[in-house]
C-alpha cells in the first residue's frame, strides 16, 4: 500500500512534470519564431495564463507530496514570468519530489489530509487516499492538460505523445 | 491493495464522468442561446472535437476498468453527435462502471495490462499499477480537461468547481 501511494503520487507527478518541460521547450521555440507572448496566453479572459497553469501544476505536485508524507505545506512560490523561469520552477519541484522516498509514504492512505477552510466556514474532509484520488491528481492533471491545451491552441506543434511522453519508457519491440 | 486499485480507478472515473455530464448540461444551454456548434468545437484544427473528447474520456474509463479486471476490451462505440447523445454515452459508461465490484479488482495491480501494437511492431509493457497510473488516468483526465477547456474557451460559464464538483461531497461545516 505504501509503495502504491508513492507510485500513484510521485510517479505520476515527476513524469508529468518532465513532459511539461519538453512541452515548454517546444513552446519557447515557437514563441521565438512567432513573437507570440505564449507565457501569458490563456484560453479565456478570466482563466489562468500558461505561466499560472505551470505554477499550479508544480504547486499541486509539491503540496500533494508534502501532505501525504505528513509535513507542513510550504508557502507557494511566486509565478515565473519567462519560459526559463517556469522550467526552473519545474526543475525545483522535481528535485523536491526526487528527494522523497517511498518509505515516507508509510500510512499515507489513512493520514488526515483534510483541507481547513475555516475562514470560509468549512473543512474538506479527506484521508490520504481520497486526497490523492480526488484532489491532488485531478488538480495536477487539470493544470498540466490546460498548459498543453494553451500551447496547442496557439499553434505549437505538439501531440498527445508529447503529453504522455513517459509511455516511451515502456515500449518494447514486438517478438 | 484491491480496494485501493478500485478506488483509484472507478472512484476517479465515475465522479469525473458525473462532472462531465453537468458541464455538458451547461454547454447545451449555452449552445442553444448562442447558436454555437459546440459539440463540434475544438481548440485547434487538427484536435478532437468536444464530442470526440467526451467519447475518449468514456473509452478510457471503460477500457481501464475492463483491462484491470481481466476482461476483453470491448469495441469502441460510435461517437455521439448531439449533447443528448454524449450524455447517453456517459450514462452508459457510468452504468457499466457501477456494475463492477471492488472484488473484481483482486490482483489488478499485478495483472498484465500490456498493450499490443504488433501491427506497429511494439508492445507497451504495463502491469496493472503502471497501466492505471501512466495510461488510464492520464488519458482519462486529458480528455475530461480538454472537454472542459473547449467549453470554457467558447464562453460557457463554468469554473474549476464544476470540474472538481465531487469535492462538494467532502465538505463539512467548520466546528
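Laboratory data are not the source of any read-out in this text; all were calculated from the coordinates shown. Here the structure is a predicted model, which is why all the values come from computation and not from measurement. Please note: Cβ atoms are built from the backbone with ideal geometry, for glycine as well, and neighbour counts cover all protein chains shown.
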Note on segment B:39-79: residues closer than 22 Å to residue B:145 by Cβ and part of a loop (DSSP other than H, G, I, E, B) are B:41, B:42, B:43, B:44, B:45, B:46, B:47, B:48, B:49, B:76, B:77, B:79
Reported set for segment B:144-154 where residues are touching a residue at least 24 places away in the same chain (Cβ under 8 Å), facing chain A (nearest Cβ under 9 Å) and either at positive phi or in a helix (DSSP H, G or I) (or both) is B:144, B:146, B:148, B:149, B:150, B:153
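Conditions (1) surrounded by 23 or more Cβ atoms within 10 Å (Cβ to Cβ); (2) more than 7 Å from chain A (Cβ to nearest Cβ); (3) in contact with a helix residue (DSSP H, G or I) (Cβ under 6 Å, 6 or more places away or on another chain), marked per residue:
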| site | (1), (2), (3) |
| --- | --- |
| B:89 | no, yes, yes |
| B:93 | yes, yes, yes |
| B:161 | no, yes, no |
| B:165 | no, yes, yes |
| B:173 | no, no, no |
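Among the listed residues A:117, A:130, A:71, identify the single one that is crowded, with 18+ Cβ neighbours inside 10 Å and over 15 Å from the mean Cα position of the chain (by Cα). Please lay out each step first, then the result.
On the way: A:117 fails: crowded, with 18+ Cβ neighbours inside 10 Å; A:71 fails: crowded, with 18+ Cβ neighbours inside 10 Å.
One residue alone meets the criteria, A:130.
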Over segment A:105-143, the set of residues free of Cβ contacts under 8 Å to residues at least 40 places away in the same chain, farther than 30 Å from residue B:43 by Cβ and part of a helix (DSSP H, G or I) is A:110, A:118, A:119, A:120, A:130
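Every residue in segment A:31-40 that is touching a helix residue (DSSP H, G or I) at 6+ places or on another chain (Cβ under 8 Å) and surrounded by fewer than 18 Cβ atoms within 10 Å (Cβ to Cβ), please. So that I can check it myself, show each step before the final result.
Step one: filter segment A:31-40 for residues touching a helix residue (DSSP H, G or I) at 6+ places or on another chain (Cβ under 8 Å), giving A:31, A:36-40.
Correct list: A:36, A:37, A:40.
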Take the conditions assigned to a helix (DSSP H, G or I), on the phi < 0 side of the Ramachandran plot and either touching a helix residue (DSSP H, G or I) at 6+ places or on another chain (Cβ under 7 Å) or more than 8 Å from every other protein chain (Cβ to nearest Cβ) (or both) and apply them to residue B:157. Does it pass?
no
